[in-house]
1. Taking the convex hull of the Cα atoms, report for the range 74-141 its projected area averaged over all directions, in nm².
2. How much length is gained if the chain between A176 and R100 is pulled fully straight, taking 0.36 nm per residue apart and subtracting their Cα-Cα distance, in nm to one decimal?
3. Taking every alpha carbon pair in the range 28-195, what does the distance histogram look like in 10 angstrom bins from 0, in percent?
4. For each pair in K47/K153; K56/K172; K137/K212; K47/K137, compute the distance between the two Cα atoms and list the pairs where it is over 28 Å.
5. What is the order of V121, V25, fewest Cβ neighbours within 10 Å to most?
6. Among 41-50, 97-106, what's the highest-first ranking by average C-beta atoms within 10 angstrom per residue?
7. Sorting Y88, Y174 on the 10 Å Cβ count, fewest up front, what's the list?
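Values quoted throughout were computed directly from the atomic coordinates according to the rules given, and no laboratory measurement underlies them. Everything quoted here is computed from the prediction, not taken from an experiment. Here the Cβ positions follow ideal geometry from the backbone for every residue, glycine too, while neighbour counts run over all protein chains shown.
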Amino acid sequence: MNTPLRIAACAAMLGLAAAPALAQVSRSTPGQPEARTALDLMPAKTKLAVTTPAFKDGGDIPFENTQYRTNTFPGLNWTKGPAATKSYVLIMQDNDLLARGAPVLHWTMFNIPAGVTKLEVGMTTPPAGSGYGPNYKGAAQAYTGPRTPPGPKDHYHFEIFALDTTVPDPGKDYAALTAAMAGHVLASGEVVGLGEKDPMAPDPAPRPAPPKQ
């Protein structure tokens, strides 16, 4: 699929408005500053080892963990943060595709208690004390797995941050979440999975042409 058609398909899959969003959706290029993930922008000296039972780091994400099928959360495990850890934040991004000049934001969870280092497969309710944050759909969104458009595989970054604080509910404002995290990241890590279009799924319907003026 050529790039304009793939971008149009992605906009449709993300539920973005046609004309303004298409102008803001693009395929990233290697080294492009806008494609930096939260992990890139908030580096930490201490690393967390992050794994999932669903796939190996750099491996393919099963279709059951995508919106093409059951959208089942794949589960996550990570090593314990430093002693001063008060909470964890989870951020899931696709940085091969940019929407509004930043990696597509699939999922966030904030104020995961410091004693929690595992999220079960199929989780539908966040751990006590934590909350779902924003993604491309809006505020307080549950796990929203990949729905990769036709074309190359995309990289999905499941990032975990250990913080020395808790953060306010960001509502639908991802910038508010990252601003509250800034300067408080003690450790971080990620597991990266590859997503692709489910070969059993039909291509999205083409968007209608805008009316002639």
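1. The Cα convex hull of the range 74-141, projected and averaged over all directions, gives 5.4 nm².
2. Difference between extended and current length: 25.7 nm.
3. With 10 Å bins starting at 0, P(r) equals 11, 43, 39, 8, 0.
4. K56/K172; K137/K212; K47/K137
5. Starting with the residue having the fewest Cβ neighbours, the order is V121, V25.
6. Result, highest mean first: 97-106, 41-50.
7. Fewest-to-most Cβ neighbours within 10 Å comes out as Y174, Y88.
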